[in-house]
1. Against the definition (among the basic types (Lys, Arg), closer than 27 Å to Asn528 by Cβ and modelled with pLDDT of 90 or more), how does Lys466 come out, yes or no?
2. Here is a check on your reading of the model: is Ala271 buried (at least 21 other Cβ atoms within 10 Å of the Cβ) and more than 19 Å from the chain's Cα centre (by Cα)?
3. Quick check on my filter: what residues within region 437-463 are modelled with pLDDT of 95 or more, of a type in the set (S, T, N, Q) and touching a helix residue (DSSP H, G or I) at 6+ places or on another chain (Cβ under 9 Å)?
4. Only one residue in Gln283, Gln296, Gln364 is assigned by TED's automatic domain parsing to the domain that holds Leu259, closer than 29 Å to Glu97 by Cβ and modelled with pLDDT under 95, so which one is that?
5. Please report, ordered by residue number, the strands (runs of 3 or more DSSP E) entirely within region 12-121 with at least 3 residues that are out of contact with any Gly (no Cβ under 7 Å at 6 or more places or on another chain) and not hydrophobic (A, V, I, L, M, F, W, C).
6. Report, ordered by the first and then the second residue, all pairs with beta carbons closer than 6 Å, sequence separation of six or more or different chains, a first member in region 478-503 that is in a loop (DSSP other than H, G, I, E, B), and a second member that is among the small types (Gly, Ala, Ser).
7. Looking only at residues in region 319-355 that are surrounded by fewer than 22 Cβ atoms within 10 Å (Cβ to Cβ) and of a type in the set (Phe, Trp, Tyr), which one is nearest to Ala293 (Cα to Cα)?
8. State yes or no: is Glu237 of a type in the set (D, E, K, R) and over 25 Å from Ala176 (Cα atoms)?
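The values are calculated or read from the model by the stated rules, or taken from the named source; none is laboratory data. Quantities reported herein were computed from a predicted structural model and do not represent experimental measurements. Here the Cβ positions follow ideal geometry from the backbone for every residue, glycine too, while neighbour counts run over all protein chains shown.
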Amino acid sequence: MTTVVLLAINAKYIHSSLSVWVLSAGIKSNAKSNHNVQIVEATIHQDNSEIVGKVAGHNPDVVGISMYIWNAKKLPEIIMLLRQRLPKAKIILGGPEASYNADYWLAHGADHVLHGEGEYTLPALLDEVYCPLPRKGMPPAGDGGCLYSECGTAPPCLPIDPYTDEYLKTLGGRLAYIETSRGCPFTCAFCLSAGTNVRFFPMDIVKKQLYKLSQSGAHTIKLVDRTFNCNAERAYEIFMYIIEMDTDCCFHFEVAADLFDGRTLELLSSARPGRIQLEAGLQSFFMPALKAASRQTDPQKAEKNIRSLLEKGNIHIHVDLIAGLPYETLVDFIIGFGRAFALRAHTLQLGFLKLLHGSSLRKQADELGIKYSKEPPYEIQSSPWLAPEDIQALKQAENALQHTWNKQRFISTLEYALSATGENAFSFFHGLGGAAPNHGADLADYAKQIYDFIVDLQGIDKTELKDHMTYDWLGMVKGKNMPDFMRNPDIRRNLVTNAAKRVLKHDIRRDESAILLSGKGIYVDSENRDPVTGLYKVWEHS
């Protein structure tokens, strides 16, 4: 019996890997020979020798590694260390970062690179390598390794069930993933799923797996379907099932906002606050860029539907923009940024075009004049429409946006500053990113930097600004002392604290109340957190 270690290297500890558990279940279901499968999950922040040590501890005959843009930089050294520790072991790579760059990885230490659906190709490869009988439809393994493009037959519609007792035990409350379909009907030129046939998994299996995960202790369950609502009827049925489910889990979906119909919007408005998160990729409002990227969308309808979803306040909405698409200049992007920010979604991700191996845009990059990093994540560096200094300006704005609005920090302060100054959103965040760049700064220090930037803007009242920041501080932190510049030593604060204890029916810390410079008393209920925004409820003392 061969020992196979499946290695996942996640971006963060809170993430779990779906792929290695699907591969493990695939080997057990589809391999014709017996294999002892062990799973090792690590993170990109762990030392490479530590990761290799965990793998080597199982003394494997085969090491299979799932590769993505977030872990690819670690793999050359990890493969080298594996060769030193386990000279006889075979190394098999899979995942998009390997599949679409197979020649490179075969030349840099991999024995095999798999392309396609690994729960079918990997068992077939293991049988072909370790079983003496030839397997019909499988090419022989050459001395220099081989690339399997197909698994011999079309994969079935029934999904592999990875959610074993071992998986649930290992999950330990981390972010869980599930797919209810594979493929995407759309043809976005920056995406690896573009134009692939969509297979919808049977609804009874989907519901069974969703229920199992809802009882697993995971706080968030993310559906990895590329465009979850491409089939409106099916999406409605799954939304309904989740909304009616008895669980405290939050379910995250990637959707096309322009595809929602009125019936589905009405259903979503009935969801318990915090039950559902929606990630809606706008990408751009500039039609020439959308056309060049083969992005099929109706921006106006998407805007309308996102506003409708936000009205009820029960669903966390995340929208995306991609900077660097063909034909979109900095000016064009700034206009689109203003439209996107005006929606007031809870998260506005300002992302940058990545020229991924296997994507249509990467193949067109030279023709279009797009320059990009040759190292993962292959991010754009310049184009005929964006100079390097334009990208730097976008990065500056993105830094401020990510560390304030997208983390629900100082929301009322930001709203006050934008209203009082009349600045457009991009200009404001660009200025803030330049004056207060955040690269892991302590939150109290960062708050002071934000204050110092905003207080000098035209139209800002110092008292109002400090009051907004104090209000925000109480609502967004728990157990952190208020920065000195916010403190108001008004003796009435004790009265507010005592009144809060009577209202809330529990003790509160002294720093959970404040007297604003305007004279108003406020206090926070640190046991009452908004399930959509994550902010704590702040009350006025009457």
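1. Numbers: among the basic types (Lys, Arg): yes; closer than 27 Å to Asn528 by Cβ: yes; modelled with pLDDT of 90 or more: yes.
Here the answer is yes, as Lys466 does meet what is asked.
2. Working: buried (at least 21 other Cβ atoms within 10 Å of the Cβ): no; more than 19 Å from the chain's Cα centre (by Cα): yes.
It is false that Ala271 is buried (at least 21 other Cβ atoms within 10 Å of the Cβ) and more than 19 Å from the chain's Cα centre (by Cα).
3. Gln449, Gln458
4. Numbers: Gln283 fails: modelled with pLDDT under 95; Gln364 fails: modelled with pLDDT under 95.
The conditions single out Gln296.
5. 35-43
6. Sorted first by the residue in region 478-503, then by its partner, the pairs are Lys478/Ser526; Pro483/Ala444; Pro483/Ala447.
7. Going through the qualifying residues, I end up with Tyr327.
8. On the way: of a type in the set (D, E, K, R): yes; over 25 Å from Ala176 (Cα atoms): no.
Against the criterion (of a type in the set (D, E, K, R) and over 25 Å from Ala176 (Cα atoms)), Glu237 does not qualify.
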